[in-house]
Amino acid sequence: MRFAFSVLAFVWVALGGRAAFGSTCCGGGFAAPALISGDEKAQLTASLAAQEITTDVYADGDWRDRSFRETSETIKIEGAHIFRDRWQVGASLPIIRRSRSGEEASGTGDLSGSVGYEYLPEWDYNPWRPRGLGYLQLTIPTGTSVHDARAPYQLDSRGRGFWGVGAGTLLTKAWRTWDVFTRLEAHRSFAKRFAGATDSGILRPGWGGQFSLGAGYNFAQVRWGASLQWSYEDSVDVISAGAVGDVGNGSGSLERFATAAISGSYLWKDLLSLTVSYADQTLFGHPLNARLGQTVILQVQKRWAR
Amino acid sequence: MFGKTLVLLSLLIVLPACAEPRYAPADSGDKVGRVDATVDGLRAELPVSGTDLVLVWETEPTDEREGSFLLKFGHRDPVSGELVVEEIEGEISVVLWMPSMGHGSSPVKVERLSVGAYRASDVFFVMPGDWEIRIQRRSGGRVLEQATLALRI
């Protein structure tokens with residue numbers, strides 16, 4: 001039982017890293033929720049992610065490699081706590097620094113909070129039935145969005161800029177030295193008014209979703225893992241203010257990309273783990289209208305047993 | 001046995017999902033791509049007043065440097081086809097807009113040079129992609145009409 005406990009903790013570490021990958025456009029995106037997927041009472045995660053944007057993908061699917069350097073570093077603090085046995089709450093806050101051509105800007109990204117419920121508990125350690133968590137997530141646009149950015153190169157853009165709610169499920173299963181997980185999420189972002197440096201009006205985003213698959217191999221206190229996550233966002237439509245007729249109005253393009261990741265984790269003293277991950281958005285999927293990057297993530301997680 | 005099955009299943013899922021990059025033509029790289037380019041510049045029309053305009057780059061922007069262009073407004077001579085420059089009512093503004101992502105770039109400065117002639121400076125596209133140069137005629141802050149030139153950066 002203790003080994004299974006460790007494996008599930010590692011699964012969470014692998015999932016938690018996803019939150020640091022960021023999005024394709026302009027510093028912000030939907031983060032994976034802070035969830036406890038093991039048997040712990042509480043957990044606190046700190047991560048440092050260093051990302052370089054390497055490729056732009058046009059709305060028609062054409063790729064172009066970057067001829068200039070744009071990087072970001074994200075420090076993320078995430079916490080989650082169990083209440084009433086099968087319920088849990090979580091929250092995460094990223095602090096992001098973006099750099100390009102000698103200019104840089106830093107500040108908070110979008111804050112997110114979640115409520116989860118373990119609808120498939122693993123009480124009898126059934127050999128096939130997975131552990132299942134359902135969750136609701138709220139994204140609060142505390143990070144400056146690209147529509148409101150003022151800094152050179154819009155480097156102060158660190159969030160999507162929309163309130164959003166999402167619902168999803170996480171299924172995990174461990175067999176001896178192997179573990180697998182999958183996560184499916186749908187979310188909805190809400191319209192907002194904007195007043196940017198060059199235009200103002202109303203932005204209407206839509207639905208989005210994420211689907212993840214992952215697996216890991218565990219031995220002793222170490223886990224090697226790999227995962228793949230597909231992300232999708234509806235287009236953002238613009239209704240320009242101050243226009244006569246439909247001048248300035250327009251529909252955007254949908255955005256999609258896939259993130260592949262490999263990770264190595266070390267569990268130290270059962271309740272403290274260290275994970276190093278590498279994520280690449282240029283390897284899988286058929287991206288559209290996206291900025292693709294490569295990310296290295298260092299993550300430390302402290303958990304508290306029930 | 002279980003591990004091998006899991007690895008095989010993973011490969012069956014992952015391999016068909018491999019990306020197949022289709023790179024944009026090399027000439028749409030660092031320079032501003034031109035749409036409807038003519039010898040004397042980019043042509044467009046303000047749809048309400050029927051005013052013709054010509055955009056001529058002074059300095060093309062790059063990934064690291066701002067650019068500038070000249071704008072001339074008037075009506076095309078039906079015989080010679082050349083632009084006869086005329087005064088235009090209202091204020092002229094230029095907005096750089098990325099329609100696919102629904103956001104703009106940094107503000108463009110517009111200064112009047114002479115009758116029907118303007119210079120737009122601080123022209124910078126904040127990221128690669130398909131952009132629009134929106135040339136707007138405004139009055140009292142309202143956009144009366146707009147001509148759009150599409151560019152691939």
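For a paramagnetic label modelled at 7 Å from the Cα of A:Ile75 toward its Cβ, which residues of the range A:109-133 fall within the zone defined by backbone nitrogen distances under 18 Å?
Answer for the range A:109-133: A:109-112.
What order, most packed first, do the peptides A:142-149, A:228-235 have when packing is the mean number of other Cβ atoms within 10 Å of each residue?
Most protected by this proxy first, the peptides run A:142-149, A:228-235.
Could you rank the peptides A:36-42, B:87-93, B:16-22 by their average count of other C-beta atoms within 10 Å per residue, with the highest value first?
A:36-42, B:87-93, B:16-22
For the ranges B:130-140, A:253-263, what's the packing order if you count other beta-carbon atoms within 10 Å of each residue, average per peptide, and put the highest first?
Values: B:130-140: 19.9, A:253-263: 21.6.
For the peptides B:130-140, A:253-263, the packing ranking is A:253-263, B:130-140.
Please report how far the C-alpha centroid of the range A:196-239 lies from that of the range B:90-153, rounded to the nearest whole angstrom.
32
Per residue of B:124-136, how many C-beta atoms from partner chains lie within 10 Å of its own C-beta, taken as a mean? Present the calculation step by step, with values, prior to reporting the outcome.
Details: counts 2, 0, 9, 12, 10, 9, 6, 0, 1, 0, 6, 0, 6.
Mean number of neighbouring Cβ atoms from other chains: 5.
Taking only Cα atoms, what is the 0 to 90° angle, nearest 10, from helix A:2-18's long axis to the longest principal axis of chain A?
That works out to roughly 10 degrees.
What number, rounded to the nearest 500 deg cm²/dmol, is the helix-based mean residue ellipticity at 222 nm of chain A, given -39500 (n - 2.57) per DSSP H run of at least four residues and division by all its residues?
-2000 deg cm²/dmol
Just to confirm a number: summing +1 for Lys and Arg and -1 for Asp and Glu over residues other than A:Trp304 whose beta-carbon lies under 9 angstrom from that of A:Trp304, what do you get?
+3
If r is the Cβ-Cβ distance from B:Val56 to B:Arg22 and R0 is 30 Å, what FRET efficiency results, to the nearest 0.05?
According to the calculation, E is roughly 0.40.
May I ask which residue of A:Gly159, A:Tyr119, B:Ala17 lies farthest towards the positive end of the charge dipole of the protein assembly as shown, with charges of +1 (Lys, Arg) and -1 (Asp, Glu) on Cβ and the Cα centre as origin?
A:Tyr119
Residues of B:63-70, mean number of Cβ from any other protein chain within 10 Å of their own Cβ, rounded to a whole number? Spell out each step's value before the answer.
Values: counts 7, 6, 1, 0, 0, 0, 0, 0.
Per residue, the number of nearby Cβ atoms from other chains is 2 on average.
Please compute the average number of Cβ atoms from other chains found within 10 Å of each residue's Cβ in peptide A:178-188.
Details: counts 5, 1, 3, 0, 0, 0, 0, 0, 0, 0, 0.
Whole-number average of other-chain Cβ neighbours for A:178-188 is 1.
Quick check: from the Cα gyration tensor, does the range B:30-152 come out rounded (a/c under 1.5), prolate or oblate?
prolate
What do you get for the angle between helix B:2-14 and the principal long axis of chain B? Use alpha-carbon atoms, 0 to 90 degrees, nearest ten.
20
Taking the Cα centre of chain A as origin, work out the dipole magnitude from +1 charges on Lys and Arg Cβ and -1 charges on Asp and Glu Cβ, in debye rounded to 20.
Details: 31 positive and 29 negative charges, 187 e Å.
Computed charge dipole of chain A: roughly 900 debye.
Give the shape of the protein assembly as shown as rounded, prolate or oblate, defined through the alpha-carbon gyration tensor: a ≥ b ≥ c are the square roots of its eigenvalues, a/c under 1.5 means rounded, and otherwise the shape is prolate if a/b is larger than b/c and oblate if not.
The shape class here is prolate.
Using alpha-carbon positions, what is the distance between the centroids of the range A:36-59 and the range A:89-168, in Å?
Rounded to whole Å, the Cα centres lie 9 Å apart.
Each value in this text was obtained by applying a stated rule to the coordinates, not by laboratory testing. The structure presented is a predicted model; accordingly, all values stated were derived computationally and were not measured. FYI the Cβ positions are ideal-geometry reconstructions off the backbone, even for glycines, and counts take in every protein chain you see.
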